[in-house]
Amino acid sequence: MSLAESIAETFSQGSAASKDAARDLFAQLRTELAAGRIRVAEPDSTSPTGWRVNVWVKQGILLGFRVGDVVDMGIGKGRWPFFDKDTLPLKSFGAANSVRLVPGGSSVRDGAYLGHGIICMPPMYINIGAYVDDGTLVDSHALVGSCAQIGKRVHLSAAAQIDGVIEPVGAMPVIVEDDVLVGGNCGVYEGAIVKRLAVLASGTIITASTPIYDLPNERIIKAEPGQPLVVPEGAVVVPGSRRVTVGAGREWGLSLATPVIVKYRDEKTDARTELERWIR
(Lines give C-alpha, C1' and ligand atoms only; values in the text may rest on other atoms or scores of the structure.)
Protein backbone atom coordinates (compact mmCIF):
# COMPACT_ATOMS: atom_id res chain seq x y z
CA MET A 1 0.00 0.00 0.00
CA SER A 2 1.01 3.63 -0.44
CA LEU A 3 1.91 5.73 2.59
CA ALA A 4 -1.51 7.39 2.41
CA GLU A 5 -3.34 4.05 2.31
CA SER A 6 -1.22 2.59 5.12
CA ILE A 7 -1.82 5.56 7.39
CA ALA A 8 -5.57 5.58 6.73
CA GLU A 9 -5.76 1.84 7.44
CA THR A 10 -3.69 2.07 10.63
CA PHE A 11 -5.64 5.09 11.86
CA SER A 12 -8.93 3.22 11.38
CA GLN A 13 -7.69 0.40 13.62
CA GLY A 14 -7.57 2.69 16.65
CA SER A 15 -6.00 1.17 19.75
CA ALA A 16 -5.77 -2.22 18.00
CA ALA A 17 -3.11 -0.91 15.58
CA SER A 18 0.48 -2.07 15.96
CA LYS A 19 2.38 0.62 17.84
CA ASP A 20 5.67 -0.16 16.09
CA ALA A 21 4.05 -0.05 12.65
CA ALA A 22 2.32 3.23 13.47
CA ARG A 23 5.55 4.78 14.70
CA ASP A 24 7.32 3.77 11.49
CA LEU A 25 4.55 5.25 9.32
CA PHE A 26 4.61 8.47 11.29
CA ALA A 27 8.38 8.76 10.97
CA GLN A 28 8.01 8.49 7.19
CA LEU A 29 5.26 11.08 7.16
CA ARG A 30 7.21 13.48 9.36
CA THR A 31 10.15 13.34 6.95
CA GLU A 32 7.92 14.10 3.97
CA LEU A 33 6.16 16.95 5.78
CA ALA A 34 9.45 18.51 6.87
CA ALA A 35 10.69 18.44 3.28
CA GLY A 36 7.49 19.98 1.93
CA ARG A 37 6.79 17.02 -0.36
CA ILE A 38 3.49 16.35 1.42
CA ARG A 39 1.10 18.99 2.77
CA VAL A 40 -1.96 18.89 5.01
CA ALA A 41 -3.79 21.11 2.52
CA GLU A 42 -2.88 22.16 -0.99
CA PRO A 43 -4.21 24.42 -3.74
CA ASP A 44 -7.07 22.97 -5.79
CA SER A 45 -8.59 25.04 -8.59
CA THR A 46 -11.71 22.85 -8.62
CA SER A 47 -12.58 23.67 -5.00
CA PRO A 48 -14.85 26.65 -4.19
CA THR A 49 -12.22 27.91 -1.75
CA GLY A 50 -9.23 27.07 -3.96
CA TRP A 51 -7.95 24.52 -1.43
CA ARG A 52 -8.47 20.89 -0.45
CA VAL A 53 -7.59 18.94 2.69
CA ASN A 54 -5.51 15.77 2.65
CA VAL A 55 -7.36 13.92 5.40
CA TRP A 56 -4.85 11.08 5.59
CA VAL A 57 -2.06 13.51 6.48
CA LYS A 58 -4.02 14.76 9.50
CA GLN A 59 -4.68 11.15 10.45
CA GLY A 60 -0.95 10.46 10.30
CA ILE A 61 -0.14 13.41 12.55
CA LEU A 62 -2.70 12.23 15.09
CA LEU A 63 -1.08 8.78 14.95
CA GLY A 64 2.20 10.40 15.95
CA PHE A 65 0.60 11.91 19.04
CA ARG A 66 -1.17 8.65 19.86
CA VAL A 67 1.84 6.32 19.75
CA GLY A 68 4.51 8.59 21.22
CA ASP A 69 6.00 8.04 24.67
CA VAL A 70 6.67 10.96 26.99
CA VAL A 71 10.42 11.32 27.49
CA ASP A 72 12.85 13.77 29.05
CA MET A 73 13.87 16.29 26.38
CA GLY A 74 15.57 18.62 28.84
CA ILE A 75 18.76 20.54 28.20
CA GLY A 76 21.75 20.91 30.47
CA LYS A 77 21.13 17.98 32.80
CA GLY A 78 17.86 19.27 34.14
CA ARG A 79 18.70 22.99 34.18
CA TRP A 80 16.21 23.53 31.36
CA PRO A 81 13.58 20.76 31.69
CA PHE A 82 11.22 19.72 28.91
CA PHE A 83 9.04 16.61 28.56
CA ASP A 84 7.27 15.66 25.33
CA LYS A 85 6.34 12.73 23.10
CA ASP A 86 9.43 11.10 21.63
CA THR A 87 7.72 11.08 18.22
CA LEU A 88 7.73 14.90 18.18
CA PRO A 89 11.33 16.15 18.26
CA LEU A 90 12.45 19.64 17.33
CA LYS A 91 13.29 20.43 13.73
CA SER A 92 16.97 20.47 12.76
CA PHE A 93 18.37 23.43 10.84
CA GLY A 94 21.61 24.25 9.10
CA ALA A 95 22.96 27.35 7.39
CA ALA A 96 21.99 25.81 4.04
CA ASN A 97 18.31 26.16 4.98
CA SER A 98 18.62 29.98 4.71
CA VAL A 99 16.28 30.24 7.71
CA ARG A 100 17.02 32.96 10.25
CA LEU A 101 16.14 31.38 13.59
CA VAL A 102 17.08 34.29 15.84
CA PRO A 103 18.24 33.33 19.37
CA GLY A 104 15.77 33.82 22.18
CA GLY A 105 13.45 30.89 22.88
CA SER A 106 11.69 29.99 19.61
CA SER A 107 10.68 26.40 18.78
CA VAL A 108 9.87 24.59 15.55
CA ARG A 109 8.67 21.00 15.70
CA ASP A 110 9.98 18.53 13.17
CA GLY A 111 7.37 17.81 10.52
CA ALA A 112 6.89 21.52 9.85
CA TYR A 113 8.09 22.84 6.51
CA LEU A 114 9.97 26.14 6.39
CA GLY A 115 10.85 27.52 2.96
CA HIS A 116 13.78 29.63 1.80
CA GLY A 117 14.51 32.88 3.62
CA ILE A 118 12.11 32.46 6.55
CA ILE A 119 12.71 34.82 9.49
CA CYS A 120 11.77 33.58 12.97
CA MET A 121 11.88 36.28 15.66
CA PRO A 122 11.94 35.10 19.28
CA PRO A 123 9.96 33.77 20.91
CA MET A 124 7.69 32.21 18.31
CA TYR A 125 6.37 28.68 17.74
CA ILE A 126 5.66 26.61 14.63
CA ASN A 127 3.93 23.27 15.15
CA ILE A 128 4.06 19.98 13.25
CA GLY A 129 2.22 19.88 9.92
CA ALA A 130 2.53 23.62 9.38
CA TYR A 131 3.75 24.81 5.98
CA VAL A 132 5.49 28.20 5.89
CA ASP A 133 6.49 29.29 2.40
CA ASP A 134 9.44 31.34 1.14
CA GLY A 135 10.22 34.80 2.48
CA THR A 136 7.73 34.81 5.35
CA LEU A 137 8.40 36.58 8.65
CA VAL A 138 7.10 35.01 11.87
CA ASP A 139 7.42 37.73 14.48
CA SER A 140 7.81 37.57 18.27
CA HIS A 141 5.15 35.66 20.23
CA ALA A 142 3.46 34.53 17.00
CA LEU A 143 2.00 31.04 16.71
CA VAL A 144 1.67 28.92 13.58
CA GLY A 145 -0.50 26.04 14.74
CA SER A 146 -0.39 22.43 13.65
CA CYS A 147 -1.48 22.03 10.00
CA ALA A 148 -1.72 25.79 9.29
CA GLN A 149 -0.64 26.77 5.78
CA ILE A 150 1.21 30.07 5.31
CA GLY A 151 2.07 31.47 1.88
CA LYS A 152 5.02 33.37 0.47
CA ARG A 153 6.14 36.78 1.79
CA VAL A 154 3.59 36.79 4.61
CA HIS A 155 4.22 38.90 7.71
CA LEU A 156 2.80 37.41 10.89
CA SER A 157 3.23 40.35 13.26
CA ALA A 158 3.97 40.15 16.96
CA ALA A 159 1.54 37.96 18.93
CA ALA A 160 -0.43 36.91 15.82
CA GLN A 161 -2.19 33.60 16.45
CA ILE A 162 -2.76 31.30 13.46
CA ASP A 163 -4.91 28.38 14.58
CA GLY A 164 -3.98 24.92 13.39
CA VAL A 165 -7.22 22.87 13.24
CA ILE A 166 -5.85 19.34 13.44
CA GLU A 167 -9.29 17.97 14.33
CA PRO A 168 -11.73 17.08 12.93
CA VAL A 169 -9.55 15.48 10.28
CA GLY A 170 -11.80 16.58 7.42
CA ALA A 171 -11.85 20.24 8.46
CA MET A 172 -9.86 22.86 6.58
CA PRO A 173 -6.86 24.18 8.49
CA VAL A 174 -6.28 27.92 8.66
CA ILE A 175 -4.74 29.13 5.41
CA VAL A 176 -3.00 32.46 4.87
CA GLU A 177 -2.12 32.97 1.21
CA ASP A 178 0.76 34.88 -0.41
CA ASP A 179 1.65 38.50 0.44
CA VAL A 180 -0.75 38.81 3.38
CA LEU A 181 0.00 41.15 6.27
CA VAL A 182 -1.36 39.92 9.62
CA GLY A 183 -1.13 42.70 12.19
CA GLY A 184 -0.11 42.41 15.81
CA ASN A 185 -2.43 40.56 18.19
CA CYS A 186 -4.57 39.25 15.33
CA GLY A 187 -6.19 35.84 15.57
CA VAL A 188 -7.25 33.64 12.64
CA TYR A 189 -9.20 30.59 13.78
CA GLU A 190 -11.59 27.76 12.83
CA GLY A 191 -10.20 27.02 9.39
CA ALA A 192 -10.61 30.51 7.94
CA ILE A 193 -8.88 31.28 4.65
CA VAL A 194 -7.19 34.65 4.15
CA LYS A 195 -6.74 35.18 0.41
CA ARG A 196 -3.64 36.73 -1.14
CA LEU A 197 -2.75 40.39 -0.63
CA ALA A 198 -5.20 40.84 2.26
CA VAL A 199 -4.28 43.04 5.23
CA LEU A 200 -5.54 42.32 8.75
CA ALA A 201 -5.13 45.38 10.95
CA SER A 202 -3.85 44.93 14.49
CA GLY A 203 -6.33 43.23 16.79
CA THR A 204 -8.54 41.76 14.07
CA ILE A 205 -10.12 38.41 14.97
CA ILE A 206 -11.32 36.09 12.19
CA THR A 207 -13.46 33.04 13.03
CA ALA A 208 -15.86 30.85 11.08
CA SER A 209 -18.82 32.00 13.16
CA THR A 210 -18.28 35.77 12.94
CA PRO A 211 -19.46 37.49 9.74
CA ILE A 212 -17.30 40.05 7.97
CA TYR A 213 -18.94 43.35 7.05
CA ASP A 214 -17.71 44.41 3.60
CA LEU A 215 -18.33 48.16 3.41
CA PRO A 216 -17.03 48.80 -0.15
CA ASN A 217 -19.29 46.09 -1.60
CA GLU A 218 -22.17 46.61 0.85
CA ARG A 219 -22.40 42.92 1.73
CA ILE A 220 -21.98 40.60 4.71
CA ILE A 221 -19.58 37.68 4.21
CA LYS A 222 -20.49 34.49 6.05
CA ALA A 223 -19.17 30.95 5.94
CA GLU A 224 -21.23 28.77 3.63
CA PRO A 225 -22.51 25.48 5.12
CA GLY A 226 -19.65 23.02 5.24
CA GLN A 227 -17.18 25.64 4.00
CA PRO A 228 -14.68 27.90 5.81
CA LEU A 229 -14.97 31.65 6.11
CA VAL A 230 -12.98 33.35 3.34
CA VAL A 231 -11.39 36.79 3.61
CA PRO A 232 -11.41 38.16 0.03
CA GLU A 233 -8.27 38.88 -1.95
CA GLY A 234 -6.80 42.30 -1.23
CA ALA A 235 -9.28 43.09 1.57
CA VAL A 236 -8.13 45.52 4.26
CA VAL A 237 -9.83 44.32 7.45
CA VAL A 238 -10.04 46.21 10.74
CA PRO A 239 -11.65 45.43 14.11
CA GLY A 240 -15.19 46.75 14.29
CA SER A 241 -18.43 46.28 16.19
CA ARG A 242 -22.13 45.74 15.51
CA ARG A 243 -25.07 46.69 17.70
CA VAL A 244 -26.98 44.04 19.62
CA THR A 245 -30.57 44.42 18.39
CA VAL A 246 -32.40 41.81 20.47
CA GLY A 247 -33.23 41.28 24.16
CA ALA A 248 -31.57 43.13 26.97
CA GLY A 249 -28.52 43.79 24.81
CA ARG A 250 -30.46 46.37 22.82
CA GLU A 251 -31.72 48.06 25.98
CA TRP A 252 -28.24 48.14 27.50
CA GLY A 253 -26.66 49.52 24.32
CA LEU A 254 -24.27 46.59 23.88
CA SER A 255 -22.28 45.79 20.79
CA LEU A 256 -20.29 42.74 19.61
CA ALA A 257 -16.87 42.68 18.01
CA THR A 258 -16.80 41.95 14.28
CA PRO A 259 -14.25 42.35 11.46
CA VAL A 260 -14.97 45.07 8.91
CA ILE A 261 -13.53 45.47 5.40
CA VAL A 262 -12.94 49.19 5.01
CA LYS A 263 -11.22 49.12 1.62
CA TYR A 264 -9.38 46.93 -0.83
CA ARG A 265 -5.64 47.09 -1.25
CA ASP A 266 -4.39 49.95 -3.41
CA GLU A 267 -1.10 51.70 -4.17
CA LYS A 268 -1.11 53.52 -0.81
CA THR A 269 -1.59 50.29 1.11
CA ASP A 270 1.14 48.61 -0.95
CA ALA A 271 3.52 51.50 -0.20
CA ARG A 272 3.05 50.89 3.51
CA THR A 273 3.49 47.13 3.30
CA GLU A 274 6.56 47.64 1.08
CA LEU A 275 8.36 48.70 4.26
CA GLU A 276 8.55 45.00 5.10
CA ARG A 277 11.41 44.61 2.62
CA TRP A 278 13.71 46.80 4.70
CA ILE A 279 13.91 44.31 7.57
CA ARG A 280 14.48 41.17 5.52
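A few notes on this one:
- Filter result for PRO168 (without any contact (Cβ under 8 Å) to a residue 24 or more places away in the chain and either under 21 Å from ARG52 (Cα atoms) or part of a loop (DSSP other than H, G, I, E, B) (or both)): yes
- Selection count where residues are surrounded by 16 or more Cβ atoms within 10 Å (Cβ to Cβ) and part of a helix (DSSP H, G or I), scope segment 31-45: 3
- Selection status of PRO48, closer than 26 Å to PRO168 by Cβ, loosely packed, with under 13 Cβ neighbours inside 10 Å and modelled with pLDDT under 95: yes
- In segment 189-218, of all residues being more than 15 Å from LEU256 (Cβ to Cβ) and among the β-branched types (Val, Ile, Thr), the one that is surrounded by the most Cβ atoms within 10 Å (Cβ to Cβ) corresponds to VAL194.
Residue-by-condition table, conditions (1) more than 17 Å from SER146 (Cα to Cα); (2) assigned to a strand (DSSP E or B):
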{"site": "ASP84", "(1), (2)": "no, yes"}
{"site": "LEU88", "(1), (2)": "no, no"}
{"site": "SER92", "(1), (2)": "yes, no"}
{"site": "ALA96", "(1), (2)": "yes, no"}
{"site": "PRO103", "(1), (2)": "yes, no"}
{"site": "GLY111", "(1), (2)": "no, no"}
{"site": "GLY117", "(1), (2)": "yes, no"}
{"site": "PRO122", "(1), (2)": "yes, no"}
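- The set of residues in segment 9-30 that are crowded, with 16+ Cβ neighbours inside 10 Å and outside any loop (DSSP other than H, G, I, E, B) comprises THR10, PHE11, ALA22, ARG23, LEU25, PHE26, LEU29, ARG30.
- For ILE128, the criteria (1) within 20 Å of THR49 (Cα to Cα); (2) buried (at least 24 other Cβ atoms within 10 Å of the Cβ); (3) in contact (Cβ under 8 Å) with a residue 60 or more places away in the chain hold in every case but one, which is (1).
- Search result, residues across segment 89-120 that are free of Cβ contacts under 8 Å to residues at least 24 places away in the same chain, farther than 21 Å from ALA27 by Cα and among the hydrophobic types (A, V, I, L, M, F, W, C): ALA95, ALA96, VAL99, LEU101, VAL102, ILE118, CYS120
Quick grid of which residues meet (1) over 28 Å from GLY135 (Cβ atoms); (2) assigned to a strand (DSSP E or B); (3) not assigned by TED's automatic domain parsing to the domain that holds VAL144:
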position: GLY184; (1), (2), (3): no, no, no
position: SER202; (1), (2), (3): no, no, no
position: TYR213; (1), (2), (3): yes, yes, no
position: ALA223; (1), (2), (3): yes, no, no
position: ALA257; (1), (2), (3): yes, yes, no
position: LYS268; (1), (2), (3): no, no, no
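The values are calculated or read from the model by the stated rules, or taken from the named source; none is laboratory data. Keep in mind that what you see is a predicted model, and the values were worked out from it rather than measured. Note: ideal-geometry Cβ built from the backbone for every residue, glycine included; neighbour counts use all protein chains shown.
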